[in-house]
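Just below is one structure, and these are the notes that go with it.
The values are calculated or read from the model by the stated rules, or taken from the named source; none is laboratory data. In this text the structure is predicted, and so the values were computed from the model without any measurement. Note: ideal-geometry Cβ built from the backbone for every residue, glycine included; neighbour counts use all protein chains shown.
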Amino acid sequence: MTTLLVPALDIQKIREEFPILNQQVNGKPLIYFDNAATNQKPKRVIDALSTYYEKYNANIHRGIHTLAEKATRAYEDTRLAMQEFIHAKHVEEIIFTRGVTESVNLVASSYGRAFLKEGDEIILSGLEHHSNIVPWQMIAEEKKAVIKVITITSSGEIDIDHYRQLLSSRTKIVAVNHASNSLGTINPIKEMITMAHEVGAVVLIDGAQASAHLAIDVIDLGCDFYCISSHKMYGPTGTGILYGKKELLEKMPPYMGGGEMIKDVTFARTTYNELPYKFEAGTPNIADVVALKEAVGFINQLGKENIASHEYELLSYATQKLASLSSVRMIGTASKKVSVQSFVIEGIHPFDIGQMLDARGIAVRTGHHCTQPLMDSLGLEGTVRASFAVYNTKEEIDVLIDGLKRIIKFLN
Ligand code: PMP
């Protein structure tokens, strides 16, 4: 991670772009450290939503009137922006979905149903979010395929030797996250993709926690599928993308049937639309897709490297301060991490810590973070998770540390 050579961001100025941050919660200034669950939206994203509804709300693609054309252009402009954002070769490789959950379900259901056979193997890692576990379990059950799980080291990293042992000619799909939402670990996905391709498997990357923090170049990575959530990259909820290699998407059957995804319908036979529309049945989430372009613009304007550099500083600062509290145990100490720090405090339930911090206006997440198998493997019920975004500051971390010190003192 580059910490030098990048210009420092004006964080106070950036904060002014986020109206939600300027409020009191429980009588205290809001400190929002739940960014791994969803991050806040800059004004340009919020404005894009209201402008769409105030000025050019219309259904897309089929209309020939002015508003329909304007809405269609705005929707397709976001597709172009996302193509550039992840460096995809073809614009039709970008499919709009509701987010990562739907993207993984789409691939598991469509690719899995068409190509998996009895005894085929799907490899997942022990770090996965339920969204990248359950869809594979559902299709594995249907096709009598087998799920294999890569073990995780004590620092929260993927055990590459175990992964190598699991790979074989039976492996048909590898599905792993780029970065863990619970521990922050950045996984060595480029190496993992190369290894999977050597045995002929396709690879899906869950990029939910990566898109706002890490550079994504799907051509360089060579992944077959890459999933992104808008709401974790300063965009609206309820949308995101599935990237898929064109040659694979072309071979895959539609996921949902309905309007938009068809060329011709008769009661005898239906022919399907071309990419990407084959996978976008029904009226999509036009407003949120349109506003997603502004989230991309926001990230590009600041520069992902600058964002990552600031977040890295916050993470290092928080890690060092948390580690200095004697009863805090850090969970997830990988050498490469996005700005997520999980921890537990001996003798205090994470839920109680979350509630007591909320009373001080501090929003953190507590629980299993939709990674129950990971928590089981760590022997934990859950953790407290503080996750940072570009608008957070070291002063806010000081308030968190002070709050934790008081909680520890109060309960001991
Ligand atoms: N994977 C990871 C790693 C996540 O953090 C999340 C969201 N918490 C998801 C998948 C699900 O994404 P979405 O909310 O877009 O369905």
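Contact list please: Cβ distance under 6 Å, first residue in the stretch 1-14 and farther than 21 Å from residue 336 by Cα and assigned to a helix (DSSP H, G or I), second residue modelled with pLDDT of 70 or more and among the polar types (S, T, N, Q), pairs at least six apart or on different chains.
11/393
Report yes if residue 42 is in contact (Cβ under 8 Å) with a residue 24 or more places away in the chain, away from the ligand (no atom under 16 Å from the Cβ) and surrounded by fewer than 21 Cβ atoms within 10 Å (Cβ to Cβ), otherwise no.
The answer is no for residue 42.
So residue 216 passes all but one of these: (1) more than 16 Å from the ligand (Cβ to nearest atom); (2) part of a loop (DSSP other than H, G, I, E, B); (3) within 24 Å of the chain's Cα centre (by Cα). Which condition number does it fail?
Every listed condition holds for residue 216 apart from (1).
So if I check each of 58, 37, which one is away from the ligand (no atom under 16 Å from the Cβ) and surrounded by fewer than 18 Cβ atoms within 10 Å (Cβ to Cβ)?
Selected residue: 58, the only one of 58, 37 that is away from the ligand (no atom under 16 Å from the Cβ) and surrounded by fewer than 18 Cβ atoms within 10 Å (Cβ to Cβ).
Which condition number in (1) over 22 Å from residue 225 (Cβ atoms); (2) under 22 Å from the mean Cα position of the chain (by Cα); (3) more than 16 Å from the ligand (Cβ to nearest atom) is the one that residue 84 fails?
Just one mismatch for residue 84, condition (1).
Return only the number of the condition from (1) of a type outside the set (Asp, Glu); (2) outside any loop (DSSP other than H, G, I, E, B); (3) away from the ligand (no atom under 11 Å from the Cβ); (4) within 29 Å of residue 120 (Cα to Cα) that residue 241 does not satisfy.
(3)
Given (1) of a type outside the set (Ser, Thr, Tyr); (2) in contact with a Cys (Cβ under 6 Å, 6 or more places away or on another chain); (3) away from the ligand (no atom under 16 Å from the Cβ), where does residue 129 come up short, assuming only one miss?
Answer for residue 129: the failing condition is (3).
Show me the strands (runs of 3 or more DSSP E) found entirely inside the stretch 82-161 where at least 3 residues are of a type in the set (Val, Ile, Thr).
Per the criteria, 94-97, 146-150.
Here is a list: 96, 115. Which entry is away from the ligand (no atom under 16 Å from the Cβ), among the aromatic types (Phe, Trp, Tyr), within 30 Å of residue 172 (Cα to Cα) and in contact (Cβ under 8 Å) with a residue 40 or more places away in the chain?
Just one listed residue meets the conditions, 115.
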